[in-house]
Protein chains: 2
Amino acid sequence: APSAAPAAAAPPVANGTAARLPFEERAKAAQNAAGQRLLELMARKRSNLAVAADVADTAAMLRLADQVGPDICVFKTHVDIFSSWDAATGAELRRLADKHDFLVFEDRKFADIGNTVVAQYAGGVHRIADWSDLTNAHLVPGPGIIDGLRSVGGPRGHGLLLLAEMSSKGALATGAYTQAVAQAAAANQDFVMGFISQAPAKWPAPTPPGLVHMTPGVQLAAGGDALGQQYNTPASVIGAGGSDVIIVGRGIIKADDPAAAAARYRAAGWAAYEAALG
Amino acid sequence: APSAAPAAAAPPVANGTAARLPFEERAKAAQNAAGQRLLELMARKRSNLAVAADVADTAAMLRLADQVGPDICVFKTHVDIFSSWDAATGAELRRLADKHDFLVFEDRKFADIGNTVVAQYAGGVHRIADWSDLTNAHLVPGPGIIDGLRSVGGPRGHGLLLLAEMSSKGALATGAYTQAVAQAAAANQDFVMGFISQAPAKWPAPTPPGLVHMTPGVQLAAGGDALGQQYNTPASVIGAGGSDVIIVGRGIIKADDPAAAAARYRAAGWAAYEAALG
C-alpha cells in the first residue's frame, strides 16, 4: 500500500556492495591486489561463480579445476582433506588457474593468534601462501590475525576474506560480531579483500565498494544437510542478499557432468548480478 | 571489614570450576572419556601443566615430548606448522604419551561447518583423530561443528575443548559469545570435555565440574608479543582466573633447558591449584 511519507518509509540503501556498482567500477576502488584482480576478471570473464572443490583427492581436484575452469572466477580448496600434498600439486593448480583465468582460494578459516597463523600460512606440509591467491580467517582472535597473515601474504599480493556470517545453523557470527568484522575489513583494505557473508544487504551500512562478498551454501534448489548446512539459491544470494560471488559445492561436484553444471550455475549467478545492477 | 549482612555481601560462587573440587573428585563427574582420563592423570601425576610444542620440526617436537613428558599432563601440538608429517611420527608421539603418561592435544581450532570438519579431523595428510586424544574448535559455525567432530572422535574416546575466550588483544570471544559456548559445552558433555578460557571465575555461573578449563599464554613473567598475544602468570590464571590447566609455550620451549623449565612451571601451576583448593 502507498505510504503517506514514502521517503521516510523507504528502507536504507544498505546492500553491502555500495549501491551495486558494476564489478569493473569496483575494481578501481579495490586497495588489495588480489581483490582488484578478482573484480577485473569477474567483469572480463562474466562469471561470479566459485566452485568448492570438496572432492576425494588431489587428482580429482585437478581434474575438476580443468573441467570447471572456463566458467569460474574462483576455485576454492580445502587441501587439508586430501591424504597427500606436494609442491607439484600446487604448481599444477597454478598452471590451471593461469590457463583458465581464475583465482585460487584456500578456505583454511585461520582462527589462531597472529604468531601461530604466520607459521600455518607460510609453512607446514601445505605451504598455502605458495600457491593460493586468497585465503580466509575468523576474527575471533582479534585483529592480530590480520596482521599475522598480512606479514606473509601482503608482500606476495595475496588477499584475505574475513568470515562475517556463516551458512550453518546457530552460527555465532551475527549482529555485533558481524559488524566488528565489517569494521576490521574497512580498516585493513590493503590486505582484506572482502567477506564470507550471507546477506550483506541486511547489514546496517554498505561496505566499501572495493570489498567483495562471497556466499557459500548455494544450490539451484534450496535445502540443507544433516550437519547444519543450509542452502540458498543464486537469485536470493545475489539479489535480495546483496552478495557478489556464489560458492557452489555439491551442486557442481556431485553432478554427473560438473562442467555442464558449472555452466548452469554461472548463468544463474551472472543473471542475478545483472538483474541486481538494474 | 565485617559486614552486617555477610551472606548477602558474599560474592557469588562463580569460579568456573564448581567450587574448586579436587581433580580426582571432578574426574567422577566427567562424562567424556578423555576428560575423565585427563582429570585422573592430573591428580595422579600432580601436574596441571600443558606445553605448547611450537617448535621447528617433528624431530624437535618428539625430542621436546621426551624431555618435558615427566612434568606435563598435556602435550599440545600445531602439526600444520611442520614441513613434514607421517603416520610414524604420530605413532612415536603416542609411544611417548604412554611412556610419560600425558594426553596429546592437537590445537587445530576447527572452525568450519560439520561436513567439512569431519573430513579435516579424520583425513588429510595429518589424520588428527588417529594420534591425538583431544582437539579444539570454535563455536562460530554453530553446534553442527560439535556434531561433526563427535561423529569422528566420539567412538574413539576422544574429547573436544571449545574456545570460550582467547588470550589475544581484541578477541571477539567475550560476553554473550562466551556464554553461548558455555551452554553448548554443558549440553554436549559426552564429547565436550572442557574449554580454552581466560578467566572462568569471572563468568556469570560456574561450569559443570566434569569440564576442564585450559588457559594459554602463560609465562612466569607477564607481558606480550608484537602480534597481540598477552601473557599471564600461573598464579593469576589458576587462582583469581579460576582455570585448571596452564598452557606454556615460549617460557619452556625457548628455555636453555626445557625439562628444567617444565619442572618450574609444573611446580608453579600445582602450587596455584593447591592454594585455590584452600
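The values are calculated or read from the model by the stated rules, or taken from the named source; none is laboratory data. Keep in mind that what you see is a predicted model, and the values were worked out from it rather than measured. Quick reminder, even Gly has a Cβ in these numbers, built from the backbone with ideal geometry, and neighbours come from all protein chains shown.
The listed residues are B:276, B:267, B:259, and the only one of them that is more than 14 Å from every other protein chain (Cβ to nearest Cβ) and farther than 19 Å from residue B:23 by Cα turns out to be B:259. Of the residues that make up the stretch A:76-88, is at least one surrounded by fewer than 24 Cβ atoms within 10 Å (Cβ to Cβ), away from chain B (no Cβ under 14 Å) and touching a Lys or Arg at 6+ places or on another chain (Cβ under 6 Å)? No, that holds for no residue. Would you point out the residue of the stretch A:104-120, among those that are at the interface with chain B (Cβ under 7 Å from one of its Cβ atoms) and touching a residue at least 24 places away in the same chain (Cβ under 8 Å), that is surrounded by the fewest Cβ atoms within 10 Å (Cβ to Cβ)? Result: A:115. The numbered conditions (1) hydrophobic (A, V, I, L, M, F, W, C); (2) modelled with pLDDT of 95 or more; (3) not in a strand (DSSP E or B) are all true for residue A:247 except (3).
Is it the case, given these coordinates, that residue A:76 is under 13 Å from the mean Cα position of the chain (by Cα) and on the phi > 0 side of the Ramachandran plot? Answer is no for this residue. Considered as a group, the residues in the stretch A:121-135 that are buried (at least 24 other Cβ atoms within 10 Å of the Cβ) and not β-branched (Val, Ile, Thr) include one that is farthest from the other protein chains (Cβ to nearest Cβ), and that residue is A:133. For the stretch A:136-166, a residue qualifies if it is at the interface with chain B (Cβ under 7 Å from one of its Cβ atoms) and closer than 18 Å to residue A:31 by Cα, and exactly one does: A:147.
The set of residues in the stretch B:103-126 being in contact with a Lys or Arg (Cβ under 8 Å, 6 or more places away or on another chain) and among the hydrophobic types (A, V, I, L, M, F, W, C) consists of B:103, B:104, B:105, B:111. Determine whether the stretch B:214-221 contains at least one residue that is away from chain A (no Cβ under 14 Å) and not in a loop (DSSP other than H, G, I, E, B). So far as the stretch B:214-221 goes, yes, one or more of its residues are away from chain A (no Cβ under 14 Å) and not in a loop (DSSP other than H, G, I, E, B). Kindly evaluate residue A:231 against the criterion of being assigned to a strand (DSSP E or B), surrounded by 18 or more Cβ atoms within 10 Å (Cβ to Cβ) and not polar (S, T, N, Q). Yes; evaluated as a whole, the condition is true for this residue. For the stretch A:89-99, check the following and say yes or no: at least one residue is away from chain B (no Cβ under 14 Å), under 17 Å from the mean Cα position of the chain (by Cα) and either crowded, with 22+ Cβ neighbours inside 10 Å or touching a residue at least 24 places away in the same chain (Cβ under 8 Å) (or both). Scanning the stretch A:89-99 turns up at least one residue that is away from chain B (no Cβ under 14 Å), under 17 Å from the mean Cα position of the chain (by Cα) and either crowded, with 22+ Cβ neighbours inside 10 Å or touching a residue at least 24 places away in the same chain (Cβ under 8 Å) (or both).
Taking the stated definitions as given, is residue A:226 modelled with pLDDT under 95, more than 19 Å from residue A:163 (Cβ to Cβ) and of a type in the set (A, V, I, L, M)? So that I can check it myself, show each step before the final result.
Values: modelled with pLDDT under 95: yes; more than 19 Å from residue A:163 (Cβ to Cβ): yes; of a type in the set (A, V, I, L, M): yes.
Yes, satisfied.
Close Cβ contacts (under 6 Å, 6 or more residues apart or on different chains) running from residues in the stretch A:58-71 that are closer than 17 Å to residue A:126 by Cα to residues that are modelled with pLDDT of 95 or more comprise A:58/A:82; A:58/A:89; A:61/A:53; A:61/A:55; A:62/A:92. Applying the condition of being in contact (Cβ under 8 Å) with a residue 60 or more places away in the chain and of a type in the set (Val, Ile, Thr) to the stretch B:210-256 and asking which residue is nearest to residue B:48 (Cα to Cα) yields B:245. In the set A:128, A:145, only one residue is touching a helix residue (DSSP H, G or I) at 6+ places or on another chain (Cβ under 6 Å), more than 17 Å from residue A:94 (Cα to Cα), aliphatic (A, V, I, L, M) and without any contact (Cβ under 8 Å) to a residue 60 or more places away in the chain; that residue is A:145. Screening residue B:88 on (1) more than 24 Å from residue B:216 (Cα to Cα); (2) aliphatic (A, V, I, L, M); (3) touching a helix residue (DSSP H, G or I) at 6+ places or on another chain (Cβ under 7 Å) shows it passes everything except condition (3). Is at least one residue of the stretch A:47-58 under 22 Å from residue A:210 (Cβ atoms), within 11 Å of chain B (Cβ to nearest Cβ) and crowded, with 22+ Cβ neighbours inside 10 Å? Within the stretch A:47-58, not a single residue is under 22 Å from residue A:210 (Cβ atoms), within 11 Å of chain B (Cβ to nearest Cβ) and crowded, with 22+ Cβ neighbours inside 10 Å. Only residues that are among the hydrophobic types (A, V, I, L, M, F, W, C) and more than 10 Å from chain B (Cβ to nearest Cβ) were counted in the stretch A:167-188, giving 4. Annotation: of all residues in the stretch B:169-186 being hydrophobic (A, V, I, L, M, F, W, C), in a helix (DSSP H, G or I) and without any contact (Cβ under 8 Å) to a residue 40 or more places away in the chain, the one that is surrounded by the fewest Cβ atoms within 10 Å (Cβ to Cβ) is B:176.
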